[in-house]
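Asker: Got a structure here, written out as structure tokens. Questions coming.
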Amino acid sequence: MNAQTKSFLEVSNIEAIYGQAILAVRDVTLSVGAGQIVALLGANGAGKTTTLKAISNILGPERGKIVRGGVTWQAESIGKVSASKLVAKGIVQVLEGRRCFSQLTVEENILSGGFVQRPSGRDLARSLEQIYEWFPRLREKRKTKAGLTSGGEQQMVAIGRALMTKPRLVLLDEPSMGLAPIIVQEIFEIIRSLNQSAGVSFLIAEQNANLALRYADYGYILETGRVVASGTSAELLARDDVHEFYLGGSGPAAH
Ligand code: ATP
């Protein structure tokens with residue numbers, strides 16, 4: 001990694017707690033280079049969501065906070081920057097569980113992400129058109145209430161809404177959750193093309209390590225709030241211990 005990519009997103013030795021005492025993340029250090037897809041892997045409760053929320057500064061409502069370490073974005077310390085200001089700086093988070101406005105149409109949901117930068121009507125229409133090019137399924141469903149669409153479509157709406165902010169880095173929490181494998185693959189293919197064609201970087205929290213490492217450049221494995229392994233996707237996929245504990249038991253030779 002050269003010096004320029006190294007200063008994109010840097011998370012350094014963060015420790016995060018909920019309430020006064022629950023230690024959810026202990027000493028996590030990770031980085032995302034410009035143009036990279038990075039996977040944050042680990043089982044339920046390992047600390048993936050907390051790490052993403054710590055980066056985008058939304059632990060507060062859950063009485064959580066970073067008590068040690070720091071986060072920098074393009075060499076600027078962002079530990080005290082609000083989530084909405086981070087959006088203006090190019091970092092947006094897609095929360096776990098999709099969270100669409102179910103009574104609004106697909107199009108209204110997507111548009112709701114677009115007002116942050118106070119665009120003109122024409123810019124808004126252009127951005128919307130771009131989202132439909134990336135997610136053709138959403139164009140077909142544009143007039144349908146989001147609550148009546150499938151889980152996969154709702155995940156696409158959530159990502160599309162985030163993309164309306166024109167981010168440089170998307171923090172994506174568990175995109176595969178509760179979705180059929182074929183849909184998950186479709187979503188990851190779109191992520192890859194967004195990364196390659198629009199240069200959007202992604203930090204993706206995923207329990208499905210096997211899948212995420214097929215698309216990511218680099219991965220970190222978390223266990224009880226600590227990074228226990230990291231490396232390029234190829235390096236992680238080649239490690240016997242990673243296979244045994246995180247990729248379903250069969251060694252690399254079997255893949
Ligand atoms: P999941 O896949 O279930 O979201 P995760 O890897 O994202 O898991 P976190 O949600 O970050 O893990 O949870 C890390 C630890 O922090 C867990 O022990 C969890 O019980 C605890 N935790 C998470 N959210 C809260 C909260 N709001 N209040 C107290 N403890 C919490």
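All of the numbers you see were taken from the coordinates with simple rules; none came from a lab. On a predicted model such as this, the values are computed, not experimentally measured, just so you know. Ideal geometry is used to build each Cβ from the backbone, glycine not excepted, and the neighbour counts take in all protein chains shown.
Asker: Near the amide H of TYR218, under 5 Å away, which other amide H atoms are found, from residues 5 or more places off or on another chain, if H is placed in the peptide plane?
Answerer: When sequence neighbours closer than 5 places are left aside, the close amide H contacts are ILE37, ALA39, SER233.
Asker: Enter the per residue convex hull volume of region 79-203, computed from alpha-carbon coordinates, in Å³ rounded to the nearest integer. Intermediate results must be reported in sequence, preceding the final value.
Answerer: On the way: hull volume 13.0 nm³, N = 125.
Enclosed volume per residue, from the Cα hull, is 104 Å³.
Asker: Restricting attention to region 28-137, which chymotrypsin sites (Phe, Trp or Tyr not before Pro) occupy a DSSP loop and are surrounded by at most 13 other Cβ atoms within 10 Å?
Answerer: Details: sites: TRP73, PHE101, PHE115, TYR132, TRP134; in loops: PHE101, PHE115.
Those satisfying the criteria are PHE115.
Asker: Another question, if that's okay. For every helix of n ≥ 4 consecutive DSSP H residues, a contribution of -39,500 (n - 2.57) applies; sum these over the chain, divide by its total residues, and give [θ] at 222 nm rounded to the nearest 500 deg cm²/dmol. Before the final figure, lay out the partial values.
Answerer: On the way: 11 runs with 96 residues, N = 255.
Dividing the helical sum by the residues of the chain leaves -10500 deg cm²/dmol.
Asker: Divide, for region 98-166, the radius of gyration over alpha carbons by 2.2 N^0.38 Å, where N is the residue count. Working shown, then result.
Answerer: Details: Rg = 10.8 Å, N = 69, 2.2 N^0.38 = 11.0 Å.
Computed over Cα atoms of region 98-166, the ratio equals 0.98.
Asker: What percent antiparallel are the DSSP beta bridges of the chain, to the nearest 5?
Answerer: 55 percent
Asker: With θ set to phi - 60° and the Karplus curve 6.51 cos²θ - 1.76 cosθ + 1.60, what are the ³J(HN,Hα) couplings of region 56-69 in order, to the nearest whole Hz, using x for Gly and Pro?
Answerer: The phi angles translate into 8, 6, 10, 7, x, x, 9, 6, x, 7, 7, 9, 8, x Hz.
Asker: If amide H atoms are built 1.01 Å from N in the plane of the peptide, which residues on other chains or at least 5 residues away come under 5 Å of the amide H of VAL227?
Answerer: THR29
Asker: When the gyration tensor of the chain is built from Cα positions, what are the square roots of 5 times its three eigenvalues, in whole Å, from largest to smallest?
Answerer: Numbers: eigenvalues 161, 99, 61 Å².
Here the semi-axes work out to 28, 22, 17 Å.
Asker: How far is the Cα center of region 41-60 from the Cα center of region 83-110, in Å?
Answerer: Comparing the Cα centres of region 41-60 and region 83-110, I get a distance of 17 Å.
Asker: With +1 on the Cβ of every Lys and Arg and -1 on the Cβ of every Asp and Glu, and nothing else charged, how large is the dipole of region 169-237 about its Cα centre, in debye rounded to the nearest 20?
Answerer: Details: 3 positive and 8 negative charges, 16 e Å.
It comes to approximately 80 debye.
Asker: With a ≥ b ≥ c taken as the square roots of the eigenvalues of the C-alpha gyration tensor of region 1-112, please select rounded if a/c is under 1.5 and otherwise prolate if a/b is larger than b/c or oblate if it is not?
Answerer: On the way: a/c = 1.71, a/b = 1.20, b/c = 1.43.
Verdict is oblate for region 1-112.
Asker: Would you mind ranking ASP217, ASP241, ASP173 so that the residue whose beta carbon has the fewest other beta carbons within 10 Å leads the list?
Answerer: Starting with the residue having the fewest Cβ neighbours, the order is ASP241, ASP217, ASP173.
Asker: Follow-up question, since we're still on this one. What list do you get for MET177, MET164, MET156 if you sort them by fewest beta carbons within 10 Å?
Answerer: By the 10 Å Cβ count, ascending, the order reads MET177, MET164, MET156.
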